[in-house]
1. Show me 209-220, 269-280 ranked by packing, highest mean number of other Cβ atoms within 10 Å first.
2. Using a simple spin-label model with points 7 Å from Cα along the Cα→Cβ vector, what separation in nm is obtained for Ser118 and Ala198?
3. Can you pull the one-decimal nm distance between simple spin-label points at Asp138 and Glu219, each 7 Å off the Cα toward Cβ?
4. Tell me, in nm to one decimal, what length is gained between Gln303 and Arg231 on full extension, where the rule is 0.36 nm per residue of separation less the Cα-Cα distance?
5. Given labels modelled 7 Å from the Cα in the Cβ direction, how far is it in nm from Glu252 to Leu105?
6. Rounded to two decimals, what ratio of Rg to Rh does segment 160-218 give with C-alpha atoms and a Kirkwood Rh?
7. Give the shape of segment 111-264 as rounded, prolate or oblate, defined through the alpha-carbon gyration tensor: a ≥ b ≥ c are the square roots of its eigenvalues, a/c under 1.5 means rounded, and otherwise the shape is prolate if a/b is larger than b/c and oblate if not.
8. Give the residues of segment 30-61 whose amide nitrogen is closer than 19 Å to a point set 7 Å from the Cα of Arg94 in the direction of its Cβ.
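We did not get these values from a lab; they are worked out from the coordinates using the rules stated. These figures come from a predicted structure and were not determined experimentally. A quick note on method: Cβ atoms are made from the backbone with ideal geometry, for glycine too, and the neighbour counts reach across all protein chains shown.
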Amino acid sequence: MPLAAEPDDAHEERENQQLLITTKGGPGLEGLVVGSYCHDVLIRGGRIVGETLGGAAAFVSNVLDAASPQGAALNETSPFVVVAKVGHDFIYARAPASARHPPLLCSSPTTSFHAQFSETAASAHAPDRELRRVRACDPIYPADLPDRRFAYGLAVGVAGEVLPETLEQMIRLCRTVLVDAQALIRAFDGDGAVGHVALGDTPYARLLPRVAFVKASSEEAPYVGVETTRRQCCVIVTEGRDGCRLYWDGGEAHVAPFPAVQVDPTGAGDSFLAGFAAGLLWGLSATDAALLGNFFGAAAVSQVGVPTFHPKMLQAISK
């Protein structure tokens, strides 16, 4: 699966176009984002050092908003719908630090994670942390999704909320589906500690041939089974300060990182995936879209919580 078309190679260009989220004559370029809004609590030394809006849906929608004409003077992208569930205890319905896309309200509490950082960390928000899910909202069911066609879908669960049947419904509704591996392989013990299971052992495995891209962190990659999964869809492995790698059936590519001073790693992968999707919407090749993803991932780790993107910074990357 080629990832960057050469101008003099018509076959590669045709193949590359299959990776772009384009819809000539089909549904409009509207996207569907499915995943949780969360309440994140950052802890170090037994003390709470920060509380913030979290959840993949928050980080993904933040990047897609920033990459839209309303967010900055960039190439035209598209509108999108967010399907996320929260409880009546959700405190981020209004500014400041609000969730811009209204969630669905349900009777269960809002999903919440505690991130415990090591006492020996270089800063209060260093990457060596342990995640624990302390509350879980209701899962997102197929019936919760709008009953219409979308150009693309992003399945970005963090707490097991994207059920296999929900992902299958997304595949039916969306021309192209991108999935964050954490939506498929996260498991939680009795205390809510986050672990992983092998993707091949989950009900999601049978859906992989119908998915365009699966994004995994380097920690998650062994559970995804890159060598097996790359024969069914393109796999993107983010490697932090080393950038990312794309794997497809028959090849791979390394994409350089953007430098960043890491403050809080939360949301880096979510921001990467949204930036990658935005790049495809702009018509970039998959490798160039991954470079844009690296940019947004680097920007995310430089701030605590959902980041703010300066308009001038976004204008610069569009040139």
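1. 269-280, 209-220
2. Taking the simple label geometry, Ser118 and Ala198 are separated by 2.9 nm.
3. For Asp138 paired with Glu219, the spin-label model returns 3.1 nm.
4. 22.3 nm
5. 4.9
6. 0.98
7. oblate
8. 52-53
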